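Coordinate-derived values only; no laboratory data. Because the structure is a prediction, the values reported are computed rather than measured. Cβ coordinates were reconstructed from backbone atoms using ideal geometry, including for glycine residues, and neighbour counts include every protein chain displayed.
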């Protein structure tokens, strides 16, 4: 029996086994919990990379859980799109774990470590499960796993407001999940199936049915809340601001992206992408909200004085790019969107870590207190600058690559105002990141008031190395972007072609 | 056209970028640090020079660095236009390096290491833009230059410097993201390629409305704010808060010349003369640039701050170059390319003079320089040569380009443009001659002795060299025409 055949199931179950094991290990020694967590994610990551290689050469994989044939049994189905998203999620989770070790030690009380790592693994399991499955109800189950572990992770922070932020997210997140499960219920009611491929077939004759329309609307609403698209974003700024930095980094880099993946999958592979509500195309509605999210997220980010809030609103803007890419329905734009899942994960994850380290050192999240960081923490400040330039979309960074393809896509499908939105948001992004960089390098560095320059702050090697690694990737994939772009293009082709999925 | 594959352009770009490392490491030993700058500058110039025989022999040098995205390369191509620009910039970097050393030491400037690092970086990206083989590569270097020069403008780190630097960033980054980037993307989408080709890359334009091209062209021109065409010019006077060597090399040569260089690339190598004639965009651009020439000359007259007057003069002279190209006639294009170098040498002499006056006498305003010719005879001679050259008086090099500009306007049948050139010469005289008059004829201010107080030799010698070249180019114009003839011959072959 070839083990590799079972990788689609194992990449979820292996880390899942670690979830109860880690607290038990914690009873022996709390230090080994981290190693166990790294082991779990590494195993999953290795399997995902094997699958990615296989899918990109041999085409989609269909795996039947327990050998029950779909549509009765649960099917895991992996094509280029979810293989790519899986690779991004597990890579970023792995880097977060490696990078976050020191931060977690600083921000989470020690007795909570076993629970923290256990829940963190569960969080990742939920996301990989959502991405890998081809069963709609399974998506909902994993979504709840992700959300519940997410609420718990936020609440592990020492900050006073953290439980409140977590509770807010819980209320809004539960609403979203309710919408989604209602929608799935409606679909099951009219089609009698939960397998996505099967569903896509059975939904076709029902075009125009008000049940399908309601289901679509409910699911769309639920996912947009989970993605934190403006104006449904209200849970996100508090959740990111008050959670431990390692959690905000992992969440910002991955969880909203998984929402985007599910939406792309449903839009293209289950519902007809040409779906109209009355005479209004569903893509038109999505483009409107995506644009709104991009612009408003950036505008609100400019007004922030708290650095983590600023990054959070920036995420609201950035998720809009992916949504926009999906709704423009053409190969270039979708390539850009899939690429942005990858590039935004790198940049925003990196930014939250860098900020986490700075905040830990200076004990303040106010941007104005970052004065002189350029001299006091040279490596961290340099990494921050690289990530910022990348988000702004300066050439030779990975952020520019996704923007390039997005605009190219907007041109080729004639969405003129989307070009304006993307470029405007680049400018707005330049403003709010430029402000921080300016404060770090040019304020308070040398004696404004006759004080001697402040002493250097600690930059532990354990954090500088992963930081430098992610920053290096940001630039490397910005210059030699052929590899990720080709993967992203294949992913876009996979959903647009419609053939490979079905 | 024969193409030679060689990494020489890459070395020309890298040499000063690599030099940043030893410059940073020897930050505690200024003499060692500055010798790295000089070494890099000389090495860069000779690498660029080594490519001259090949290019003048009618060949082009090509080097592919990497494939960035599928189908999009980061690549260098050395042709006569690029080499011409690179030669000017790299030669002037050697002089400016010496001048900078004299300047920063005489004034005991702070953050000297950052200063020299950013300077070296700026020159690298300037070379990169000069040698870019396609729009994509050029855009990278265009943006990089903005970022590298920002710390140089904010150098003083006071409110005024930060304000100037912020305006600089907003204008240059804002226009390039809002206009230049979409223009490039539209070009790529329409033409299917971004590689420069003499005569245009759009190929068969049948079926595409000429308005489309006109709009893209307008996006290019608006996006290239570095060329200082009104209304996107006001970053330049604001950038004058930078130390004078920065203003002289970057804001008389590297940054602004990169702007007009990119405009030339777009006119000659992206759209091509024929397409622009067809859509009538040349006359439109010429009109804009002519307005810039006249209006900025008028503003220059009212400036008391020496560097502000020079800045507005630069804006007006840059538009000469743009007008020359926009005429779309052989002599106009020739004049436009020649003026890149001629203006560079003349204007840098003026800026060097301004720096010398500041270092020796701490004067920044024209109203303060009465009679200083007695104290600074050499510097004033340099200024006089540079100013007369820009006015266009023989036997100075400025006359040559002006002669070709007027010829070009006549060739293109745009007589009003010839009139603008004439009027502008007159205006140039109006804002330069008062300076000469004040310095030579007026008595020294009370309390100043008439002892000679020149700037340090490290500044004086480069000044004399630039002024000397501004004279010599009049007698040896073939140095310039050798390059321009290749371009013009290629353009108007039929």
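Normalise the Cα radius of gyration of the stretch B:384-488 by 2.2 N^0.38 Å (N = residues in it) and let me know the number.
1.38
Can you compute the helix-only [θ] at 222 nm over chain B? Use -39500 (n - 2.57) per DSSP H run of at least 4 residues, normalise by all residues, nearest 500 deg cm²/dmol.
-23000 deg cm²/dmol
Please report the spacing between the Cα centers of the stretch B:22-63 and the stretch A:41-63 in Å, no decimals.
Comparing the Cα centres of the stretch B:22-63 and the stretch A:41-63, I get a distance of 49 Å.
Fully extended, how many nm does the chain gain between residue B:189 and residue B:25 (0.36 nm per residue separation, minus their Cα-Cα distance)?
Separation in residues times 0.36 nm, less the Cα-Cα distance, equals 54.5 nm.
Given the convex hull over the Cα atoms of chain A, what projected area results after averaging over all orientations, in nm²?
22.5 nm²
Could you tell me what percent of the DSSP beta bridges with both partners in chain B are antiparallel, to the nearest 5?
That works out to approximately 70 percent antiparallel.
Given points 7 Å out from each Cα along the Cα-Cβ axis, report the residue A:54 to residue B:17 separation in nanometres with one decimal.
Spacing of the two 7 Å Cα→Cβ label points: 4.1 nm.
Once the Cα gyration tensor of the stretch A:14-169 is diagonalised, what are the square roots of 5 times its eigenvalues, in whole Å and ordered largest first, as equivalent ellipsoid semi-axes?
Semi-axis lengths for the stretch A:14-169 are 30, 17, 14 Å.
What Kirkwood hydrodynamic radius, in Å, does the stretch B:88-245 give when the mean of 1/r is taken over all pairs of distinct Cα atoms and then inverted?
Here the Kirkwood hydrodynamic radius works out to 17.3 Å.
Could you give the nm distance between label points at residue A:476 and residue A:417, where each point is 7 Å from its Cα heading toward the beta carbon?
Modelled inter-label distance: 4.2 nm.
By how many nm would the segment from residue B:444 to residue B:56 lengthen if fully extended, with 0.36 nm per residue of separation less the alpha-carbon distance?
Full-extension gain reported as 134.6 nm.
Cα-based Rg (one decimal) and Dmax (whole number) for the stretch A:85-127, in Å?
When restricted to the Cα atoms of the stretch A:85-127, Rg and Dmax are 11.0, 33 Å.
When the helix-only estimate is applied to chain A (DSSP H runs of n ≥ 4, each -39,500 (n - 2.57), divided by the residue count), what is the mean residue ellipticity at 222 nm, nearest 500 deg cm²/dmol?
Calculated mean residue ellipticity at 222 nm is -25000 deg cm²/dmol.
At 7 Å along Cα-to-Cβ for each site, give me the label-to-label distance between residue A:105 and residue B:301 in nm.
Each label point lies 7 Å from its Cα, and together they span 7.3 nm.
If you build the convex hull over the alpha carbons only and average its shadow over all orientations, what do you get for the stretch A:339-502? Give it in nm² to one decimal.
11.6 nm²
Any idea what the alpha-carbon Rg over 2.2 N^0.38 Å comes to for the stretch A:145-201?
1.59
Taking the Cα centroid of the stretch B:261-334 and of the stretch A:285-332, what is the distance between the two, rounded to the nearest whole Å?
About 39 Å separates the Cα centre of the stretch B:261-334 from the one of the stretch A:285-332.
So what's the convex hull volume per residue for the Cα atoms of the stretch A:124-278, in Å³?
Per-residue hull volume (Cα only) is 94 Å³.
Which whole-number value in Å³ per residue fits the convex hull of the alpha carbons of the stretch B:183-281?
96 Å³
Convert 10 °C to kelvin, take the viscosity as 1.306 mPa s, use the Kirkwood radius over C-alpha pairs of the stretch B:1-157 as Rh, and evaluate the Stokes-Einstein diffusion coefficient in µm²/s, rounded to a whole number.
98 µm²/s
Based on Cα coordinates alone, diagonalise the gyration tensor for the stretch B:435-489, multiply each eigenvalue by 5, take square roots, and list the semi-axes in whole Å, largest first.
Working through the eigenvalues yields semi-axes of 39, 15, 8 Å.
Between the alpha-carbon centers of the stretch A:209-252 and the stretch A:116-165, tell me the distance in whole angstrom.
With the stretch A:209-252 and the stretch A:116-165 each reduced to a Cα centre, they are spaced 13 Å.
Shielding by partners for A:433-440, please: the mean number of other protein chain Cβ atoms within 10 Å of each residue's Cβ.
1
Most exposed first by the Cβ proxy, i.e. fewest other Cβ within 10 Å, how do A:31, A:54, A:490 rank?
A:31, A:54, A:490
Where does each of B:36, A:68 land when they are ranked from fewest to most other beta-carbon atoms within 10 angstrom?
A:68, B:36
In the P(r) worked out for the stretch B:280-486, what percent of Cα pairs fall beyond 29 Å?
Percentage above 29 Å: 25.
If I take all pairs of Cα atoms in the stretch B:17-80, what percentage of them are more than 14 Å from each other?
69 percent
Largest first and in whole Å, give the semi-axes of the protein assembly as shown's equivalent ellipsoid, each being the square root of 5 times a Cα gyration tensor eigenvalue.
Over the Cα atoms of the protein assembly as shown, the ellipsoid semi-axes are 57, 33, 23 Å.
What's the ranking of B:15-21, B:453-459, B:224-230 by average number of surrounding C-beta atoms within 10 Å, highest first?
Order by mean packing, descending: B:224-230, B:15-21, B:453-459.
Ignore the peptide's own chain and count Cβ atoms of other chains within 10 Å of each Cβ in B:167-174; give me the average, rounded.
Whole-number average of other-chain Cβ neighbours for B:167-174 is 2.
How many percent of Cα pairs in the stretch A:1-51 exceed 13 Å?
Value for the stretch A:1-51: 58 percent of Cα pairs lie more than 13 Å apart.
If the viscosity is 0.890 mPa s and the temperature 25 °C, what translational diffusion coefficient in µm²/s does Stokes-Einstein give for chain B when Rh comes from Kirkwood over Cα pairs?
Taking Rh from Cα pairs, D becomes 109 µm²/s.
In whole angstrom, and with the biggest value first, how far do the Cα coordinates of the stretch B:88-165 range along each principal axis?
Cα spread of the stretch B:88-165 along its principal axes, largest to smallest: 42, 29, 16 Å.
Quick one: order B:93, B:353 by neighbouring beta-carbon count within 10 Å, fewest to most.
Neighbour counts put them in this order, fewest first: B:93, B:353.
What is the P(r) of the stretch B:61-114, as percent of Cα-Cα pairs per 10 Å bin from 0?
19, 26, 24, 22, 8, 0
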